[in-house]
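The values are calculated or read from the model by the stated rules, or taken from the named source; none is laboratory data. Fair warning: this is a prediction, and the values are worked out from it, not measured in the lab. FYI the Cβ positions are ideal-geometry reconstructions off the backbone, even for glycines, and counts take in every protein chain you see. Accessible surface areas use protein heavy atoms only, side chains included; no ligands, DNA or RNA. Shrake-Rupley method; radii C 1.70, N 1.55, O 1.52, S 1.80 Å.
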Amino acid sequence: MTAAGQTLVVEGDIITMDAARPRAQAMAVRDGRIVAVGSPDEARAAAGPDHRVIRYTSGTVVPGLIDTHNHMQWTGIQTRLVDLASARSIADIQDAIRAYAARHVDVPWITSGSGWHVVNLKEQRYPTRQELDAACADRPIYLPRVGHAGVANTLALKLAGITAETPNPEGGKIERDAAGEPNGVLMEPPAFEPVARLVPPPSMGDQEGALLDIQKRYHAAGLTGIVDPGVTPEMMTVYQNLWARNELTIRSVLMPLVDSSLPVEENLARIRQFGVRTGFGDARMKLGAVKLFLDGGASLGTSLMREPYPDERCNCGIQVTPTENFRAIARMCATSGWSLGVHTVGGKAIDIALDVFEEIDREIPLKPMRFSLIHAYLWPEERNIRQAQKMGITVATQCSMQYTFGPLLVQRFGTVLMSLATPVRSWLDGGVVVGGGSDSPVTPFAPLLGLWQARTRRIAGADEPVGKLQAVSGEEALAMYTRDAAFVAFSEHERGVLRPGLLADWTVLSVDPVECDPDALQHASVLATAVGGEVVHEA
């Protein structure tokens with residue numbers, strides 16, 4: 001941060017996101033906060049005679065970009081595990097496992113990062129336990145994927161006690177071969193947590209190093225803050241250790257995770273025992289909402305739908321948390337001052353979440369608590385949007401997910417239905433606050449991808465937009481990663497806008513994201529990033 005008493009004058013083309021003064025040419029910064037915004041003369045007058053000038057002669061200065069759904073610690077740690085992000089076949093997965101096993105002969109479990117996708121594999125399916133055994137049979141292997149699935153080899157299943165006689169747990173599915181034996185694929189937390197719990201976590205040093213390193217890449221992408229959705233107590237410790245050493249340069253709002261595989265009373269007891277609640281912390285690290293999974297993922301066929309999947313006539317998805325358990329947790333959060341963020345992808349999950357919220361809202365007004373829907377992209381109805389607006393429910397959306405998974409979902413649901421998915425335009429027109437994000441490592445964390453997709457509605461590999469009527473303006477897209485993201489992150493009182501009194505977080509983009517042609521964002525770059533008046537990245 002800027003040294004005590006040091007004053008900066010930042011000059012350039014500035015978009016403030018402040019309705020009172022949308023554009024400026026300069027701002028003055030003292031002790032990490034903005035003291036004036038306006039013309040260069042106004043900024044210099046506020047700064048006084050002893051100041052340093054940072055002048056951006058090209059590009060546009062915007063408020064520091066915020067990702068409202070970003071597993072930053074997952075993203076960092078996967079660089080130190082088996083990296084499957086580039087795998088394009090099951091043979092590639094096997095090769096990566098063999099190479100990792102050879103380099104790490106003393107590691108008791110072989111596990112991967114979670115940011116890999118079946119849609120990228122030639123076989124268009126998960127590897128089986130036998131295929132993992134062929135790569136390494138004498139050590140347990142567990143390959144988690146995007147928080148909704150995991151693949152285990154034979155030894156890992158044996159250690160977890162998963163056999164042909166093991167029933168599908170409520171809210172999960174153990175996939176099986178023709179003989180009824182588990183094939184290694186485990187869908188949703190109740191099914192894969194018995195294996196995941198056995199995996200020794202990386203050392204605290206590795207976890208801290210991974211989080212420290214990934215922040216540099218985030219700053220290079222223009223990010224100054226994230227909301228990490230689904231943080232365990234150990235992950236919280238890693239964040240706090242960096243915070244205590246003043247090494248947490250990405251402002252982090254942390255969402256404690258409800259473990260859907262545990263009995264509801266145990267989860268309720270955990271919430272009661274926290275002793276603090278949403279908002280506790282400071283501008284660098286604070287508690288956000290409790291995070292709960294209500295359904296699965298669309299690309300996995302486990303999101304909870306109103307109608308069966310077109311290619312699976314008997315499958316409407318998976319409800320990960322039973323409604324009664326969800327109702328009890330939501331009520332506990334409301335009565336104890338916690339906000340609640342609910343993972344809802346499919347329409348039926350959106351219906352259940354908002355109907356339960358509505359029940360509670362009749363007794364305990366939810367608007368001050370900012371309960372939220374996470375994802376909520378297949379397919380909210382007008383009724384849902386009215387419910388959300390009335391109760392002050394926010395939405396954390398990920399346009400980069402629409403881009404990444406669009407081709408698979410078009411194949412599954414058709415272009416007409418997919419044109420209505422991720423309906424950002426409809427949420428905004430309905431008066432709902434929407435925060436932009438990536439769900440990294442599920443999809444790339446670069447906010448420029450989200451800004452571009454929100455305006456163009458393009459999907460990977462397609463020349464034409466899908467659902468152009470759901471596109472938003474340049475200002476609306478930028479708000480999703482600045483002003484409105486700060487609101488979703490319980491931080492609108494301190495960031496998201498360049499205004500006197502707020503934190504001096506800014507990002508410099510090579511283009512004007514409001515006025516430029518939307519396709520210019522696809523090739524735009526980040527020129528600089530600053531947090532609390534300290535420049536943490538320069539191109």
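Odds and ends about this structure:
- Qualifying positions in the stretch 267-312 - free of Cβ contacts under 8 Å to residues at least 40 places away in the same chain, surrounded by fewer than 21 Cβ atoms within 10 Å (Cβ to Cβ) and either among the aliphatic types (A, V, I, L, M) or in contact with a Leu (Cβ under 8 Å, 6 or more places away or on another chain) (or both): ALA269, VAL276, PHE280, GLY281
- Some residue of the stretch 381-391 being surrounded by fewer than 21 Cβ atoms within 10 Å (Cβ to Cβ), among the aliphatic types (A, V, I, L, M) and without any contact (Cβ under 8 Å) to a residue 40 or more places away in the chain: yes
- Residues within the stretch 448-464 that are closer than 22 Å to PHE487 by Cα and either surrounded by fewer than 22 Cβ atoms within 10 Å (Cβ to Cβ) or not aliphatic (A, V, I, L, M) (or both), tallied: 5
- Of the residues THR79, THR128, THR111, the single one that is of a type in the set (Ser, Thr, Tyr), open to solvent by 50 Å² or more (accessible area, probe 1.4 Å) and in contact (Cβ under 8 Å) with a residue 12 or more places away in the chain is THR79.
- Of residues in the stretch 82-108 being open to solvent by less than 20 Å² (accessible area, probe 1.4 Å) and within 22 Å of MET235 (Cβ to Cβ), the one nearest to the chain's Cα centre (by Cα): LEU84
- When residues of the stretch 291-328 are limited to those that are touching a strand residue (DSSP E or B) at 6+ places or on another chain (Cβ under 8 Å) and not in a loop (DSSP other than H, G, I, E, B), the one modelled with the lowest pLDDT: LEU300
- Residue count for the stretch 352-371, restricted to those that are in contact (Cβ under 8 Å) with a residue 60 or more places away in the chain and not basic (Lys, Arg): 2
- Flag for LEU143 being open to solvent by less than 20 Å² (accessible area, probe 1.4 Å), hydrophobic (A, V, I, L, M, F, W, C) and in contact (Cβ under 8 Å) with a residue 60 or more places away in the chain: yes
- Looking only at the stretch 524-535, and only at residues there that are touching a Leu at 6+ places or on another chain (Cβ under 7 Å) and crowded, with 22+ Cβ neighbours inside 10 Å, the one that is nearest to ASN70 (Cα to Cα): VAL526
- Taken as a whole, the condition of being open to solvent by 60 Å² or more (accessible area, probe 1.4 Å) and under 19 Å from HIS71 (Cβ atoms) does not apply to ARG245.
- Filtered by the rule that a residue be in contact with a Phe, Trp or Tyr (Cβ under 6 Å, 6 or more places away or on another chain) and either crowded, with 20+ Cβ neighbours inside 10 Å or among the acidic types (Asp, Glu) (or both), the stretch 408-428 gives ALA421, THR422.
- When we screen PHE405, PHE445, PHE371 for residues that are open to solvent by less than 40 Å² (accessible area, probe 1.4 Å), more than 27 Å from LEU521 (Cβ to Cβ) and within 18 Å of the chain's Cα centre (by Cα), the only hit is PHE371.
- Restricting SER260, SER252 to residues that are of a type in the set (Gly, Ala, Ser), within 27 Å of GLU492 (Cβ to Cβ) and either open to solvent by 50 Å² or more (accessible area, probe 1.4 Å) or in contact with a strand residue (DSSP E or B) (Cβ under 8 Å, 6 or more places away or on another chain) (or both) narrows the list to SER252.
- Candidate set: the stretch 25-50, residues that are in contact (Cβ under 8 Å) with a residue 40 or more places away in the chain, open to solvent by 60 Å² or more (accessible area, probe 1.4 Å) and assigned to a loop (DSSP other than H, G, I, E, B); chosen: the one farthest from GLY147 (Cα to Cα): ASP50
- Between GLY496, GLY431, GLY467, the distinction of being open to solvent by 10 Å² or more (accessible area, probe 1.4 Å) and in contact with a helix residue (DSSP H, G or I) (Cβ under 6 Å, 6 or more places away or on another chain) belongs to GLY431 only.
- Among the residues making up the stretch 160-176, those that are open to solvent by 60 Å² or more (accessible area, probe 1.4 Å) and of a type in the set (D, E, K, R) are GLU165, GLU170, LYS173, ARG176.
- Selection status of LEU340, buried (at least 23 other Cβ atoms within 10 Å of the Cβ), touching a residue at least 40 places away in the same chain (Cβ under 8 Å), closer than 20 Å to ALA149 by Cα and of a type in the set (A, V, I, L, M, F, W, C): no
- For first residues located in the stretch 205-231 and over 20 Å from GLY437 (Cα atoms), partners that are among the aliphatic types (A, V, I, L, M) and modelled with pLDDT of 95 or more and lie 6+ apart or on another chain with Cβ distances below 8 Å form the pairs GLN207/VAL238; GLU208/VAL238; GLU208/LEU242; LEU212/LEU242.
- Across the stretch 235-245, not a single residue is classified as in a loop (DSSP other than H, G, I, E, B), touching a residue at least 12 places away in the same chain (Cβ under 8 Å) and aliphatic (A, V, I, L, M).
- Restricting the stretch 499-523 to residues that are open to solvent by 20 Å² or more (accessible area, probe 1.4 Å) and of a type in the set (Gly, Ala, Ser) leaves a set whose member that is farthest from TYR403 (Cα to Cα) is GLY501.
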